[in-house]
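Presented below is the structure to which this report refers.
The values are calculated or read from the model by the stated rules, or taken from the named source; none is laboratory data. Worth saying up front: this structure is predicted, and the values here are computed from it rather than measured. All Cβ positions, glycine included, derive from the backbone under ideal geometry; neighbour counts span all protein chains shown. Protein only, heavy atoms only, side chains kept; ligands, DNA and RNA dropped before computing areas. Shrake-Rupley method; radii C 1.70, N 1.55, O 1.52, S 1.80 Å.
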Amino acid sequence: MERIKSITKNLSSKYLWMPLMLLATPLAAQSDGLSGYSQATAFYVVVGLLIVVALLVILLALNLLQLVKAVMKGPESEAKESVSVEEGPSWLVKTWAKWNALKPMEEEEDLIMDHDYDGIKELDNHLPPWWTALFYLSIVYAVVYILVFHVFKTSPLQEEEYEIEMALAQALKSEKEQTIIVDFDESNVPYNGDAEALADGKKFFEAQCGVCHKADGGGLAGPNLTDDYWRHGGSMTDIYRVIKDGVPNTAMIAWESKLNPVRLQNVSSYVKSLRGTNPPGALPPDGELYEEDANN
Ligand code: HEC
């Protein structure tokens, strides 16, 4: 579990805006277990949303503060206040101008450069401050990046990250496989008549096997599975084995790699349950008569 924890911790750094990552990774690592990866992703989405909301709230608070200030000044200063509001541009316009370092139109004369192409003139505007701020931020980001990934190596590089993900997938896979504990194999698989098992088998049969055996099992390219005549035997173990291993050199492939043992059992049980259903348009008997009670 310790290893998986560290894996989730590392993985979670993947799509992250780095400062956020540094801040949030230890928290995300607390989410226990294998589902930690998706939990972590959800966690970051929530943190991102929270930050956006927090920013909005701060903006709103600032505006409210200004309003409160104006009210606090009292009615005597109200006239003056309203005049000054009318005179100056709004707070938003001012911030916009500041962040873009916009020069008023009247000052444009000073900015004009001394060349002139067919009447087209150029202004010597500076880079907008927000742009330079981003630029400096990217430098800071790069420094943090180098420290995190190449100096202190607290987060894995791509290749390592790939290895970690593969290891995690492997761990997940083996954990899944381990949870399927079956006490049968093709020599003794029992029929499972539980409604749940049959429903599971039916679902799979109709989706995957129906193309050849028809959804009702009446047979199409593959033989009729509802009568007492079988090419490869009609016992539970026979059916299980045919589905698992297929019939070489025919369209009936081996399904072992696509079905875990439990589902294989469910599908086999479902096929077995089709006996005697006599669906309309079923193919004629094919193979040898299988006596239900003689075997199995
Ligand atoms: C691409 C066509 C195709 C698909 C899909 C297919 N089968 Fe078959 N199946 C066949 C053919 C053809 C045969 C006959 C093989 C032979 O000649 O012995 C067969 C035979 C069988 C038999 C043995 C029948 C007998 O008479 O002994 C069973 C049982 C069976 N299939 C079940 C399934 C199940 C369950 C699935 C889905 C998981 C499936 N089949 C999917 C074509 C298909």
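The calculated FRET efficiency for the pair ALA167 and GLU196, based on their C-beta separation and a Förster distance of 30 Å, comes to about 0.30. In order along segment 212-222, phi translates into HN-Hα couplings of 9, 9, 6, 4, 8, x, x, x, 9, 6, x Hz, rounded to whole numbers, per the Karplus curve 6.51 cos²θ - 1.76 cosθ + 1.60 with θ = phi - 60° and x for Gly and Pro.
With respect to the cross-link table entries LYS176/LYS203; LYS203/LYS258; LYS176/LYS272; LYS202/LYS272, which display a Cα-Cα separation exceeding 18 Å? Provide the component values of the computation, followed by the final result.
Numbers: LYS176/LYS203 21 Å; LYS203/LYS258 14 Å; LYS176/LYS272 28 Å; LYS202/LYS272 11 Å.
Check vs 18 Å cut-off fails for LYS176/LYS203; LYS176/LYS272.
Annotation: amide H-H contacts under 5 Å for ASN192 (H modelled 1.01 Å from N, sequence separation of 5 or more, or interchain): SER269.
Order the peptides 200-206, 131-137 from the highest to the lowest mean number of other Cβ atoms within 10 Å of their residues.
Working: 200-206: 19.1, 131-137: 11.0.
Descending mean neighbour count gives 200-206, 131-137.
Tell me, what is the FRET efficiency for LYS258 and GLU288 to the nearest 0.05, using R0 = 30 angstrom and their Cβ-Cβ distance as r? Calculated transfer efficiency: 0.60.
Taking amide H positions as modeled 1.01 Å from N, with prolines and chain starts lacking one, the residues under 5 Å from ARG231 and 5 or more places away or on another chain are GLU288. Residue-wise HN-Hα couplings along segment 170-178, as the Karplus relation 6.51 cos²θ - 1.76 cosθ + 1.60 with θ = phi - 60° gives them from phi, are 4, 4, 4, 4, 5, 5, 5, 5, 5 Hz; Gly and Pro carry x.
For segment 54-64, 3J(HN,Hα) computed residue by residue from phi via the Karplus equation (6.51, -1.76, 1.60; θ = phi - 60°) reads 4, 4, 4, 4, 4, 4, 4, 4, 4, 4, 4 Hz, glycine and proline entered as x. Ordering of 99-112, 231-244, 261-274 by packing is 261-274, 231-244, 99-112, highest average first (other Cβ atoms within 10 Å, averaged per residue).
Relative to the present Cα-Cα distance, how much length would full extension add between LEU67 and GLN208 at 0.36 nm per residue of separation? Kindly include the intermediate steps, with their values, before the conclusion.
Working: separation 141, 0.36 × 141 = 50.76 nm, distance 6.78 nm.
Answer, rounded to one decimal: 44.0 nm.
Among the protein heavy atoms of segment 195-289, carbon and sulfur supply 55% of the accessible surface, probe 1.4 Å, non-protein parts ignored.
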